[in-house]
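Starting off with a structure, shown below.
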Amino acid sequence: MRRRAWIGLGVLPLLAVGGFMAWKTRAVARELVDPPFYRPQPLARVEATYRGLAEGEGGDPGGTWSSEEVDGLQLWRLRRREPAPGVVLLLHGFGDDRWGTSPALKWFPNLDAAIFTYRRRDDALRAGGPAPAVTFGARESAEVVRMVHHLEATGTPRRRIVLMGRSLGASVGLLALAALEREGRGPLGGIVWEGAPASTRSFAERLVRGPRDRWWHVLAPAIGAMASAAAGRMGDYDPAETDLLQRAGPRFATSSLCFLATEDRLAPPAVQRALAARFASGRIIEVPTWHLHCADVLGPRYAEAIREATGQWFQNVEGGR
């Protein structure tokens, strides 16, 4: 009896750890496919934001908005009052949509802008129905490819299209860029990116770890792997499709500007450097800060770097390079 009691006491901690891992795995998997902090804004607020952007704010020249249906998605386009050398396709991040990311067009005052919400999740939630799952680029990147094809079909050459994405938007943009370059029809005008999660598995592990290390984070790799697999089943995609180092291709012909937060715990700096090294022409700006805080730290130098890069890219297009 005493031996059984000791065995029982020894098993209890294992059961507790197993229970915690199962609970944490479910919680992280749900967060991966349906960010709990995301709520679409009322259309009245979205429209007010778009009116302000059209009028011009903070030195931005503004422009005229229009929208169109593209393969079941809604593409919004802002055309500047003066002729622009190209268009930036803005890609929103994790737990965001077109409303939250549209103000980024002010970093590109000389370019037209375009934006859409992946899988039309905002409209689905506003309608009260179930929203399509977030798939970390497995499905979203194909939508970006379709939008680039649409921009081309409506008169914008590929070399005059720039992608801009931060966090999940960066991952989606890099996966889409790899697919576009595999078509063999030449590079895009450029890509501006920051803080790309390496994969669903990597991101899940880092969600478990949070902002600081804890002793129990030895469980994070296992929980991240299980949560990623569960999210794939819930979202009907293969988590391997989100692995940037495996899917992004060995070399990019498109020019790149990468903002790299050296203290980023969600998008590993080593992965960002490895991806940036695959661009034949690119610049990395390293900033001693955390995830998506490069613009806060750099202040006006953030937009200046973007304008300098895009100006050079379109100058190269004009020069036939």
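The values are calculated or read from the model by the stated rules, or taken from the named source; none is laboratory data. In this text the structure is predicted, and so the values were computed from the model without any measurement. Please note: Cβ atoms are built from the backbone with ideal geometry, for glycine as well, and neighbour counts cover all protein chains shown. Only protein heavy atoms, including side chains, enter the accessible area calculation; ligands, DNA and RNA are left aside. Shrake-Rupley method; radii C 1.70, N 1.55, O 1.52, S 1.80 Å.
Name the residue from L177, F136, A27 whose Cα lies farthest towards the positive end of the charge dipole of the chain, charges +1 on Cβ of Lys and Arg and -1 on Cβ of Asp and Glu.
A27
Per-residue HN-Hα couplings for segment 86-97, Karplus 6.51 cos²θ - 1.76 cosθ + 1.60 at θ = phi - 60°, whole Hz, x for Gly and Pro?
Values per residue, Gly and Pro as x: x, 10, 9, 9, 7, 10, 7, x, 5, x, 9, 7 Hz.
Considering the values [x] 79, 52, 28; [y] 75, 48, 43; [z] 86, 43, 37, which represents Cα extents along the principal axes in Å as calculated for the structure under consideration?
Only one listed value fits the structure, namely [z].
How many percent of the accessible area of segment 49-108 is carbon or sulfur, using a 1.4 Å probe?
The computed percentage sits at 48.
Now for a different question. Once you compute Rg and the Kirkwood Rh from C-alpha atoms, what is the Rg to Rh ratio for segment 8-135?
That ratio is 1.21, to two decimals.
Hey, what's the chain come to in accessible area per residue, 1.4 Å probe, Å²?
Here the per-residue accessible area is 46 Å².
Taking amide hydrogens as modeled 1.01 Å from N in the peptide plane, which residues meet the under 5 Å criterion relative to D34, leaving out close sequence neighbours?
Answer set, sorted by chain and number: V134.
Counting only the heavy atoms of the protein chains, how much of R201 is accessible to a 1.4 Å probe, in Å² to the nearest 10?
Rounded to the nearest 10, that gives 140 Å².
With all protein chains present, calculate the accessible area of M234 using a 1.4 Å probe and round the result to the nearest 10 Å².
100 Å²
May I pose another question? Give me the distance in nm between label points sitting 7 Å out from Cα along the Cα-to-Cβ direction at R30 and Q315, one decimal.
Distance between the two pseudo-spin positions: 5.3 nm.
Let me ask something additional. Tell me the carbon and sulfur percent of the accessible area for segment 191-321, rounded to whole percent, probe radius 1.4 Å.
Of the solvent-accessible surface of segment 191-321, carbon and sulfur hold 52 percent.
Please report how far the C-alpha centroid of segment 241-312 lies from that of segment 46-76, rounded to the nearest whole angstrom.
If we compute the Cα centre of each part, the gap is 26 Å.
Once amide H atoms are placed 1.01 Å from N in the peptide plane, what residues at a sequence separation of 5 or more from S256, or on another chain, have their amide H within under 5 Å of its amide H?
Long-range HN contacts for S256: I191, S281, G282, R283.
Now for a separate question. Taking the Cβ-Cβ separation of A225 and R265 as r and a Förster radius of 22 Å, what is the calculated FRET efficiency to the nearest 0.05?
0.75
A further question follows. For segment 173-321, how big is Rg over Rh, using alpha carbon atoms and the Kirkwood form of Rh?
1.02
Using only the alpha-carbon atoms of segment 202-256 as identical scatterers, what base-10 log of I(q)/I(0) does the Debye formula give at q = 0.17, 0.18, 0.27 Å⁻¹?
-0.67, -0.71, -1.01
A further question follows. As a test of reading the structure, rank E55, E47 by solvent-accessible area (1.4 Å probe, protein chains only), most first.
Highest to lowest solvent-accessible surface, that is E55, E47.
In nanometres, what is the gap between the two model label sites at Y38 and Q74, each 7 Å from Cα along Cα-to-Cβ?
It works out to 1.6 nm between the two label points.
Just to confirm my numbers, what's the Cα centroid distance between segment 171-190 and segment 84-134 in Å?
19 Å
Rounded to the nearest 5, what % of the DSSP beta bridges within the chain are antiparallel ones?
Numbers: 10 of 35 bridges.
Of all bridge pairs located within the chain, approximately 30 percent are antiparallel.
Go ahead and run the numbers for FRET between D213 and R273, Cβ-Cβ distance against an R0 of 22 Å, rounding to 0.05.
0.50
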